[in-house]
Each structure stands twice: as structure tokens, then as C-alpha cells.
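Heads up: the structure comes next, in C-alpha cells.
The values are calculated or read from the model by the stated rules, or taken from the named source; none is laboratory data. In this text the structure is predicted, and so the values were computed from the model without any measurement. All Cβ positions, glycine included, derive from the backbone under ideal geometry; neighbour counts span all protein chains shown. Ligands, DNA and RNA are stripped out before the accessible areas are found, and what is left, the full protein with its side chains, is counted by its heavy atoms. Shrake-Rupley method; radii C 1.70, N 1.55, O 1.52, S 1.80 Å.
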Amino acid sequence: MITDRRDVDQFIEHKLVHEIHTSERRSFRACRRRWDWLFRDNYYPRTTAKPLEFGVAYHAAMEVYYNPATWDWDREVVRANTILTFIAECEKQKKAAIEESGHLYLEGEQEQDYQERVELGVGMLNYYFTDVSPIEDKRWRPVKVEIKFMVAIPNPEEEGWIWCKCKLCKEKWNKYLDSTELDVNLHGSEFTGLPVVYAGRLDMLAVDENGNYWIFDWKTARSIAERYDFLYLDDQIGSYCWALDQIGIPVMGFVYHEQRKGFPLPPIKNKVRRLGCIFSKNKNQDTSYDMYLKTIMEEDADAWEQGLYDDMLTFLKNDGIIYHARHQINKTPTELAETGRNIGLEALDMIDPKLRIYPSAGRFGCSFCAFQEPCISKNDGSDYQYTLDTMFEVREPYYVRQEKGPSTESKGGE
């Protein structure tokens, strides 16, 4: 088997590879049966397109905001372009959803949901521009956004790379032979396997004030978690750092930024002054300490100076809604080496022709699995194949289609 780096790079250049992504690794560890149906057989749930894939539109906006070529521009201009990009992506998705439905417009609740999501995104971006970026980005400068990577996986058990001879790799090789002139550097016409690669996409690569490289990842969530210990063991964080290190970019670690799907609003105004206060002290309102304090200082200064809002301000400062969190995780060379070894071991298991396939039943994993019905059918001996053929469709993997595929870890929703 050829193990020269040049030969592996030639295979990658021709896209003659067996790809493994973070989503597949997680699926493989969670349930081999689900993984087999999804990543080997390429079954995807037949789902109705959402009017708006919020995460896709939000990431498109952040790509514009952090464009290295415009980082020194007037930030007001960049902010305006960022919001225009978000709205344009939403409109693009809306148009696609209308065309797929065969209607002339979005109906009822879909249109209302669409409008609410656009309003949410614009509000989140404006909050990010004014309250987050000016503070959080002082030490950073973007280098590149939306970075695709693909690196060959070293074999942890012997010298060289991991090569795969599965049915899909053989089909890919034969298709290559039929469609192009043979490159004699790619083993002639003999099929000896394709290199197994780890592939993915980074949100951003940035450099700090000391010249060190860091990977950035933006997430949106319904709420911000209080504990982030899991980040030190997160496979995406470690594997992305390892991948860039493999291609000669020595990153120090990973910056994980999580943004709540919401933004602080001014406090609710009472219909009449209550207990000396113009503004509500209801603890369930969508506001923040800074927003609340700014509003009462400007519009109810006497009550604020008398301390009538002290209890509400204390609550907001200590227990109020968290709208964003940013965590910086350093990765040492030892950790990266271990990450690469683990990726290699997983890859060897995935391509093993004698791999045993069985379900990993569990209360939480099964409750949100899109393959629940065919799995039950297979367990009770009924026609699970009919269920797969009617509830699912065979498609190219999402990374081949260059689009975000619907999640198979849940029955729907974001």
C-alpha cells in the first residue's frame, strides 16, 4: 500500500476518498444501526422544508461580519451588510420553500413563523453588534471564515494511512475510471482502496494579540448552559484543532461562542406606577441587567435613586437571562496526538468489513431518533424495509450536496 503523503494528496485532489465527519463519528458511537442506515445506506427522512433554517442564515451573516477583507471598514457599513445578508438568505430559503410547496406564498402559521424568525435574527445581530463584539473581539482578528478541510487519517496501529475498500469506495473508483483519463500516479487501473479522510468546515480561524491561531465556532441555542466542562472533552473541538495541525496550521485551541435565540428588550412599562415604579419588576421578562438599568436611569431616575429597583437589579445581575457566552479551550500537543489516535481507531472500526451492526437502545437516544419506526419493525420481525422505503429517501450525504441536511438525531425541529 502506498503511504507517501504526495500520493494521498493526489487522491484528495481528485476527491477519491472515504469521508468521515464529526456527525458520523457521533452517530457511530451512539447507535450502530442508525449509523448504518444513515451513513452507509444514505437514508434520509422525508421532511417538509422549513421556511427558514435559522442557523444557516445566522452563519451566513456572521461570515460577512467577520470577513477579514472588511474587518477594518467602518463597522456601521459592515453591520448593515451583515443584516442584509441575513435577510437575503432568509428570503432565499422562503422562495425555495414556496417553490417546493407548489403554492404562491407561505400559508398562515408558516408566514407568521417566518416573520418572527427574521425579526429574531435581526434583533440578535443588532445585540451582537452593540453589546457583544465590541467587548469580546478586542483581542482577536479574523484570518479566514468558512474554511473547509480534508485530511488523511494516519493508521494508529501501523505505519501509513488508513485505506478503505468498501463497496462505496469501489463504486467511486470505477466511476472515476469511466469519467476521466487515468492518472498513472493513482495506482494505475488497479483498485487498492481509497484513503480515509476526516473532513469538515470551520466557522472562522482568528489570531490573537500574541499571533496565536484559534478556531472559532458560533452556536445558537434556546438557552445558555451554566456548565461548560464538556468542552474539554468535546470531539468537534479537539478534532478540528487536530485537523488544522495536520495541514500545518498550529492552532492553540478553540473558541466556543454560544448565542441565545433572543435579545434583551427594554423593561415592560406598568399601566400605572406600582410601588413607586414605572417599570415592571416581573422576573420573567426578556431583558438584561444593562438594558434594565439604562432604561430606569433615563426614564424613572427618581425611583432608581431611591433604591426602589434594587431588588430587581440584583436579580438580573445574579440570576437573569444569559444572552451569550464565550469559552476559550486550549489544546496541547499531547491532547492533539491522542485525538488523532482516537479518530484513527474509530475510522478502523467504521470501515471494518466484519463490523457488527446492532442498536443501542436508550430512553433519550431512541426518543429523538428519526429511525424509531423502522428500528421497532426490525426488532419485531415485521417489514422494516418497507418502512425505510416509505418514510425515508436515499440521497447523497449532506456534505456532498453542499447543504445542511435535516437532523436524524431528532424527529424534527432545530
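Quick notes on this structure:
- Converting phi to 3J(HN,Hα) with the Karplus coefficients 6.51, -1.76 and 1.60 and the offset θ = phi - 60°, segment 159-167 yields 5, x, 9, 8, 10, 10, 10, 5, 4 Hz in sequence order, with x at every glycine or proline.
- Rg(Cα) / (2.2 N^0.38 Å) computed for segment 345-386, rounded to two decimals: 1.42
- Surface share of carbon and sulfur [accessible, 1.4 angstrom probe, percent] for the chain: 50
- Within the full protein context, the accessible area of GLU63 is estimated at about 70 Å² for a probe radius of 1.4 Å.
- Normalised contact order of the chain, rounded percent, pairs of Cα under 8 Å and 6 or more residues apart: 21
- With N the number of residues in segment 31-99, Rg(Cα) / (2.2 N^0.38 Å) evaluates to 1.59.
- Take the Cα of GLN10, step 7 Å toward its Cβ, do the same at PHE191, and the gap between the two points is 2.0 nm.
- Derived scalar couplings ³J(HN,Hα) [segment 340-354; Karplus, 6.51 cos²θ - 1.76 cosθ + 1.60; whole Hz; x for Gly, Pro]: x, 5, 5, 4, x, 5, 4, 4, 4, 5, 4, 9, 4, x, 9
- Surface/4 of the Cα convex hull for segment 265-414, nm²: 17.4
- For segment 188-341, the share of alpha carbon pairs falling in successive 5 Å distance bins from zero is 2, 8, 14, 14, 11, 9, 9, 8, 8, 7, 5, 3, 2, 1, 1, 1, 0, 0 percent.
- Per-q log10 I(q)/I(0), the chain, q = 0.14 Å⁻¹ (Debye; single scatterer per alpha-carbon; no solvent): -1.44
- Here segment 26-73 is assigned +1 on the Cβ of each Lys and Arg and -1 on the Cβ of each Asp and Glu. Its dipole about the Cα centre then comes out at about 580 debye.
- The residues of the chain expose, per residue, 55 Å² of accessible area to a 1.4 Å probe.
- Placing +1 on each Lys and Arg Cβ and -1 on each Asp and Glu Cβ, with no other charges, gives the chain a dipole about its Cα centre of roughly 720 debye.
- Per-residue ellipticity at 222 nm computed for the chain from its helices equals -13000 deg cm²/dmol, with DSSP H segments shorter than 4 residues left out and the rest contributing -39,500 (n - 2.57).
- Scanning residues 5 or more positions from TYR43 or on other chains, those with amide H under 5 Å from its amide H are LEU38, with H placed 1.01 Å from N in the peptide plane.
- By average C-beta atoms within 10 angstrom, highest first, the peptides 84-93, 306-315: 84-93, 306-315
- Computed lengthening from LYS317 to GLU209, 0.36 nm per intervening residue step minus Cα-Cα distance: 35.9 nm
- Distance (nanometres) between label positions extended 7 Å along Cα→Cβ at THR70 and HIS327: 3.2
- Computed 3J(HN,Hα) for segment 261-275, one whole-Hz value per residue from the Karplus formula 6.51 cos²θ - 1.76 cosθ + 1.60 where θ = phi - 60°, is 6, x, 8, x, 10, x, x, 5, 8, 5, 5, 9, 4, 10, 6, glycine and proline marked x.
- Label-point separation in nm, ARG40 to ILE135, each point 7 Å along Cα→Cβ: 5.0
- Binning the alpha carbon pair distances of segment 266-328 at 5 angstrom intervals from zero yields the distribution 3, 18, 32, 24, 12, 5, 3, 2, 1, 0, expressed in whole percent.
- Distant-in-sequence amide contacts of ASN270, defined by a placed amide H-H separation under 5 Å and a gap of 5 or more residues or a different chain, comprise PHE279, SER280.
- Solvent-accessible surface (1.4 angstrom probe) belonging to TRP71, in square angstrom, nearest 10: 40
- The accessible area of SER223, taken with all protein chains in place and a 1.4 Å probe, comes to roughly 80 Å².
- Placing a label point 7 Å from the Cα of ILE147 along the Cα-to-Cβ direction, the residues of segment 320-338 whose backbone N falls under 15 Å from that point are 331.
- Since only THR85, VAL196, GLY211 are under comparison, the one whose Cα sits farthest along the positive direction of the charge dipole of the chain, derived from C-beta charges on Lys, Arg, Asp and Glu, is VAL196.
- Note on segment 293-354: along the principal axes its Cα atoms extend 75, 28, 17 Å, ordered by decreasing extent.
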